[in-house]
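The values are calculated or read from the model by the stated rules, or taken from the named source; none is laboratory data. Note that the structure is predicted; figures quoted are calculated from it, not measured. Cβ coordinates were reconstructed from backbone atoms using ideal geometry, including for glycine residues, and neighbour counts include every protein chain displayed.
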Amino acid sequence: MASNWDSTRPGETEVTLPEAQDAWLRFIGRIETPFETRDDCPRRGDFDGPECRVILDATWAPALQGIERRDRLEIYYWLNQARRDLLTQTPRGQQPRGTFDLRSPVRPNPIGMSVVKLLRCEGNVLVVLGLDCLNGTPLIDIKPRLCHQDG
């Protein structure tokens with residue numbers, strides 16, 4: 001099924017990628033959001049947005065020990081539906097820009113990160129506010145957000 005990730009806009013350029021020699025990632029869970037399509041997804045997460053669930057595989061549940069005392073977390077995820085071959089992109093209503101000058105999910109290594117507000121921990125599930133990814137997005141990592149990082 002083709003998605004709106006597959007097309008290019010005027011001014012965008014793409015590259016033919018060589019066979020991948022990727023680093024090996026271990027997905028540690030998945031993310032549940034109400035966002036089913038790219039158009040549903042907010043451009044940036046918002047603490048006033050909907051509750052979302054970060055679901056760790058049961059194997060990793062012990063790694064959450066102590067996380068309930070955290071207010072903010074960094075959630076890292078793999079934007080598995082994003083294309084990886086654009087050198088330049090044309091954001092809506094703007095001139096073409098280089099991929100590395102944008103926060104677009106379309107990039108050579110589509111790693112996303114959101115700073116979220118932790119509402120509660122329910123076993124191997126974190127209920128959070130502030131995510132901006134599609135439902136079912138693979139989870140890469142969770143890190144505490146330290147207050148000195150915000151200033």
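Condition check for A63 on (1) of a type in the set (G, A, S); (2) assigned to a loop (DSSP other than H, G, I, E, B); (3) within 21 Å of L25 (Cβ to Cβ): one failure, at (2). Please determine, by comparing only the residues of segment 40-54 that are buried (at least 16 other Cβ atoms within 10 Å of the Cβ) and at pLDDT 90 or above, which one is nearest to M113 (Cα to Cα). In this case the residue turns out to be V54.
Report yes if R43 is in contact (Cβ under 8 Å) with a residue 24 or more places away in the chain and under 30 Å from P144 (Cα atoms), otherwise no. Yes; evaluated as a whole, the condition is true for this residue. Filter segment 100-151 down to residues that are surrounded by 13 or more Cβ atoms within 10 Å (Cβ to Cβ) and of a type in the set (D, E) and give me whichever is farthest from R83 (Cα to Cα). Only one residue tops the list, namely D141. Considered as a group, the residues in segment 55-94 that are touching a Ser or Thr at 6+ places or on another chain (Cβ under 6 Å) and crowded, with 16+ Cβ neighbours inside 10 Å include one that is farthest from R120 (Cα to Cα), and that residue is T88. Would you check if there is a residue in segment 78-86 being in contact with a strand residue (DSSP E or B) (Cβ under 6 Å, 6 or more places away or on another chain), over 21 Å from D40 (Cβ atoms) and assigned to a strand (DSSP E or B)? Within segment 78-86, one or more residues are in contact with a strand residue (DSSP E or B) (Cβ under 6 Å, 6 or more places away or on another chain), over 21 Å from D40 (Cβ atoms) and assigned to a strand (DSSP E or B).
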